[in-house]
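First the structure, in the form of structure tokens, and then the observations on it.
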Amino acid sequence: MRIGLLGGTFNPIHVGHLILAEEAREKLGLDKVIFVPAFLPPHKDNSDIAKASDRFTMVKLAIAGNKNLLASDIEIKRDGRSYTIDTIREFKTKYPEDELYFIIGSDLLKYLDEWKDLGDIIKMVKFIVATRPGYPLEKIPSYIKTMEIRAVDISAFEIRGKIKEDKSFRYLIPERVFNYINKKRLYK
């Protein structure tokens, strides 16, 4: 099988994440894409992050009904800072015969030099960088394959800001996630 891994905070998951996953699945010929929410991302300020259990639930709600999209809680179960290398090692153990594609947005390119064990990561997976509005594909290392996707200028940061300011965010996220956020009063 060809399996895409899409890690992130998903704070909250939004339609941009879903479009990225579906377009990557089609363009790369992937059998499935697995969303991997981080427990604590190593490169972010964690003061405005919903509980990991809530973010995992929102991912599951967002992908419900799409048999090609799955959610994994392996980073959440690890219960601490999440490093890509540890996650990829676990997936390599679980899927030893399969091709793994690690998918990131172009906004993360500037942080690659800070990643733990990047040399090992690129030996274990095919590294894919997808375009993201406002983050041009520049100075791409040779081990990275780029992928153009539909431009969807949505960010979780923007959504959280709208929630705090009591502005509409309804169609930026799937309806089930919208209802969950309102029911749990997240990001208020």
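The values are calculated or read from the model by the stated rules, or taken from the named source; none is laboratory data. Treat the numbers as computed from the prediction; the structure is a model and nothing was measured. Here the Cβ is made from the backbone with ideal geometry for all residues, glycine too, and neighbour counts use every protein chain on show. We work out accessible area using only protein heavy atoms, side chains counted, and drop any ligands, DNA or RNA first. Shrake-Rupley method; radii C 1.70, N 1.55, O 1.52, S 1.80 Å.
How about the range 135-160: which of its residues are open to solvent by 50 Å² or more (accessible area, probe 1.4 Å) and in a loop (DSSP other than H, G, I, E, B)? 136, 137, 138, 139, 140, 142, 143, 148, 150, 151, 153 - these are the residues of the range 135-160 that are open to solvent by 50 Å² or more (accessible area, probe 1.4 Å) and in a loop (DSSP other than H, G, I, E, B).
Looking at 155, 168, just one residue is of a type outside the set (Asp, Glu), in contact with a Gly (Cβ under 9 Å, 6 or more places away or on another chain) and at pLDDT 90 or above, and that residue is 155.
Looking across 104, 122, 88, one residue alone is at pLDDT 95 or above and closer than 17 Å to residue 3 by Cα. It is 88.
Quick one: would you say residue 111 is touching a residue at least 60 places away in the same chain (Cβ under 8 Å), in contact with a His (Cβ under 6 Å, 6 or more places away or on another chain), under 22 Å from residue 140 (Cα atoms) and of a type outside the set (Val, Ile, Thr)? When the stated conditions are applied, residue 111 passes them.
Of the residues making up the range 114-134, just one is open to solvent by 70 Å² or more (accessible area, probe 1.4 Å) and without any contact (Cβ under 8 Å) to a residue 12 or more places away in the chain, namely 123. The residues in the range 139-166 that are without any contact (Cβ under 8 Å) to a residue 12 or more places away in the chain and over 20 Å from residue 19 (Cβ atoms) can be counted, and the count is 4.
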